[in-house]
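Note sheet for the following structure.
The values are calculated or read from the model by the stated rules, or taken from the named source; none is laboratory data. A quick note: this is a predicted structure, and the numbers were derived from the prediction, not measured. Cβ: placed from backbone, ideal geometry, glycine included. Neighbour counts: every protein chain shown. These area figures cover heavy atoms from the full protein model, side chains too; ligands, DNA and RNA do not enter into them. Shrake-Rupley method; radii C 1.70, N 1.55, O 1.52, S 1.80 Å.
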Amino acid sequence: MTGKIEHASHDEAPVAPPTDFAARANVTEQQYRDMYARSMHDPEGFWGDTARELHWHAPWDRVLDWQSPHAQWFVGGRTNIAYNALDRQVQRGLGDRRAIVWEGENGDIRTYTYAELLEQVKRAANALLNLGVVSGDRVTLYLPMIPEAAIAMLACARIGATHSVVFGGFSVSALADRIQNAQSRVLITADASYRRGTLVPLKGNADAAAAQAPVLERMLVVCRADCDAPMQEGRDTYWHDALAAASSDHDAAPLDSEHPLFVLYTSGSTGKPKGVVHTTGGYMVGTYLTTRTVFDLKEDDLYWCTADVGWITGHSYIVYGPLLNGASVLMYEGAPNHPDWARFWDITERHGVTVLYTAPTAIRSFMRAGDDFPARHDLSSLRLLGSVGEPINPEAWRWYHRVIGGGRCPVVDTWWQTETGSIMLTTLPGAFPAKPGTAGLPMFGVDPAIVTREGDDVPDGEGGLLVIRKPWPSMLRTVYGDDERYVRTYWGEIPGVYFAGDGARRDADGYITVMGRVDDVLNVSGHRLGTSEIESALVGHASVAEAAVVGRPDEVKGEGVVAFVLLQNGHTADPAELRRHVSRVIGALARPDAIYIADALPKTRSGKIMRRFLRQVAAGQEISGDTSTLEDPSVLDRLAATPAQ
Ligand code: WTA
């Protein structure tokens, strides 16, 4: 699959929300304009009023302290995000409302009301305290998409332990690195997880990671499947035993607004993945407001975000944002194509899902599988659709709108990042017409600009770099253990502003189209991967002398991974083994789609690899551009003649 993804152009016809949707919308066009204007000229007033809709154990002294590039929000205030997500809802009389409706891949179904979820979270909080976890400790989670993932996150938040969720698809060594980097003494995992009808042995991976992460002391093991994972005496405890032994009385810790809520590792253009740090108060207020306004949540909605809790979308829009709004959240454990490509539509119909938030990769896979799968189901409960994680091509947007949304559901294309914590650009569903392929307007408090490398504004309609000029409450605060990297990576590339790493352009209506990464980060099926991470994995294999990784357009995944590899003398090429090796080191999501065994890479005289040319080879294009700076331009001809394996 080397198909080129079509890009959004500005002549896409805007799609207006249906009048009845607009009439009932949580935010109208005028309200957006008034709220946005206030968030720009009086940010402290705007955010202070929003924050007061939530519970604070002690009020803040100042809404914002901005010592660029370090921000503190709600300075001196004390609060607890788990208290706001659960205790507050029960006190508001929502105790009997469904908080989580969970469906396992094998058909298991479990429902938790707000009162039941609160009870579980209190027990889990006490279970962590019983293990000796104290406020400020890091706890790593390596879990499937089961309710215990949300319960464990909220339990950490309740006692002030900083959670670090590691996606269940990451390998043993990726997990071990993250445990070690975060210095977590406690890991919460599960015996196994269902994926496409087979069991993924999470506990086995956790055991192997523990052997590589000496800092780890204790493991809590959720029994999801058959409970027969070997348990290490003195180190491992079953989650259900720990919760049964723990009290169900627990008062949420009143935490400083800037208390670190979680670390989430994400790939950058260089080096190892970085631990993005989010704190309590600002993240809470940001996810609370964006969930209510972007997803237009109403009391009787059943909201389903199909992300995994291992990514930021799962943190902000499965767990925190929806529960802070008292929403009923659907959570699904497994693959979208198990037992077939109708699974999502079957779930939507049976449970009556009203709001669906998914990724362009999934939408393109559904398109390719064919309209028959959605046609088998009644999707009339849906009223709003969302997209996140990568640019959505207009064709996929229109298919989603027409086939899944029946032409009546607005589609919100939401641009944001692990670092931004909450949605930054979108077209609010009842307020404005959407333009297929274009995220849209800034959310409250977000001050975007499109600039050159030097920081100068780019005229409307022209491509440039997307930056944010003002701090916002849910912004990352630092990189775990490496504040210098935070300052340099995010605020140092283009002085004085936050640089997102994406290219974008703005049209005459102010709508922003995000075109994709301009750095060495790939977006494969909506998952961020650093080319340098994959390169170092490849070079770690005994047969590889040198490697360069680039992306190529892929019809379904958005981008595919292409590796150019130089072998060590005396070794023969074994592409299948190299793919297995990358899966072992990082995870299957990083496995190269194509491998070129090369005899040289295109380098400048100073030794820098010219990736531009590699991208052309990978995409099957003619080599074009200035080759005069190459040390040996004939390398390109040989590469172009090399078959991909
Ligand atoms: C890309 C995911 C275009 C972008 C929430 C960004 C998007 C990266 C969109 C962040 C969108 C996300 N349109 N591109 N609507 N949403 N991206 O940290 O390149 O996993 O920088 O956060 O995904 O990925 P991350």
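Numerical summary
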quantity: Estimated distance in nm for a label pair at Glu395 and Ala13, the labels positioned 7 Å out from Cα along Cα-to-Cβ; calculated: 1.9 nm
quantity: Antiparallel content of DSSP bridges confined to the chain, in %, to 5; calculated: 60 percent
quantity: Largest to smallest accessible area among Lys470, Lys122 [probe 1.4 Å]; calculated: Lys470, Lys122
quantity: Calculated FRET efficiency for the pair Ala244/Asp96, C-beta based, R₀ 30 Å, to 0.05; calculated: 0.80
quantity: Pairwise label distance in nanometres, Arg605 with Arg110, each label 7 Å out on the Cα-Cβ vector; calculated: 6.6 nm
quantity: Label-point separation, Arg580 to Gln183 (7 Å along Cα→Cβ), nm; calculated: 3.8 nm
quantity: Centre separation in Å (Cα based) which lies between region 332-404 and region 85-106; calculated: 24 Å
quantity: Percentage of interatomic Cα-Cα distances in region 110-252 larger than 20 Å; calculated: 41 percent
quantity: Cysteines not pairable in the chain (beta carbon separation under 4.7 Å absent); calculated: Cys156, Cys305, Cys409
quantity: Protection proxy ranking, peptides 303-316, 92-105, average beta carbon neighbours within 10 Å, highest first; calculated: 303-316, 92-105
quantity: Packing rank of 318-327, 211-220, 150-159, where each peptide gets the mean count of other beta carbons within 10 Å, highest leading; calculated: 150-159, 318-327, 211-220
quantity: At R0 = 41 Å, FRET efficiency that the Cβ-Cβ distance of Arg368 and Asp456 yields, to 0.05; calculated: 0.50
quantity: Cα-based radius of gyration of region 66-138 once divided by 2.2 N^0.38 Å, which approximates compact folds; calculated: 1.50
quantity: Computed lengthening from Asp42 to Ala573, 0.36 nm per intervening residue step minus Cα-Cα distance; calculated: 185.0 nm
quantity: Inverse of mean 1/r across different Cα pairs in region 277-411, Kirkwood, Å; calculated: 15.2 Å
quantity: Equivalent ellipsoid semi-axes - Cα gyration tensor, region 525-640, angstrom; calculated: 22, 18, 12
quantity: In order through region 198-207: 3J(HN,Hα) via Karplus (6.51 cos²θ - 1.76 cosθ + 1.60), integer Hz, x for Gly, Pro; calculated: 10, 9, 8, x, 4, 5, x, 5, 5, 4
quantity: P(r), alpha carbons of region 453-493 - 10 Å bins starting at zero, rounded %; calculated: 23, 44, 27, 6
quantity: Tail beyond 21 Å, pair distance distribution of region 448-583 (Cα, percent); calculated: 56 percent
quantity: Carbon + sulfur, % of accessible area of the chain - ligands and nucleic acids excluded, 1.4 Å; calculated: 49 percent
quantity: Amide H contacts of Val412 (H built 1.01 Å from N, under 5 Å, at least 5 apart or other chain); calculated: Leu385, Gly386, Ser387
quantity: Debye, to nearest 20: dipole size of region 119-188, +1 on Lys, Arg Cβ, -1 on Asp, Glu Cβ; calculated: 120 debye
quantity: Rounded to whole Hz, the Karplus (6.51, -1.76, 1.60) HN-Hα couplings of region 388-395, x for glycine and proline; calculated: 7, x, 6, x, 9, 6, x, 5
quantity: Cα principal axis extents for the chain, largest first, Å; calculated: 72, 63, 56
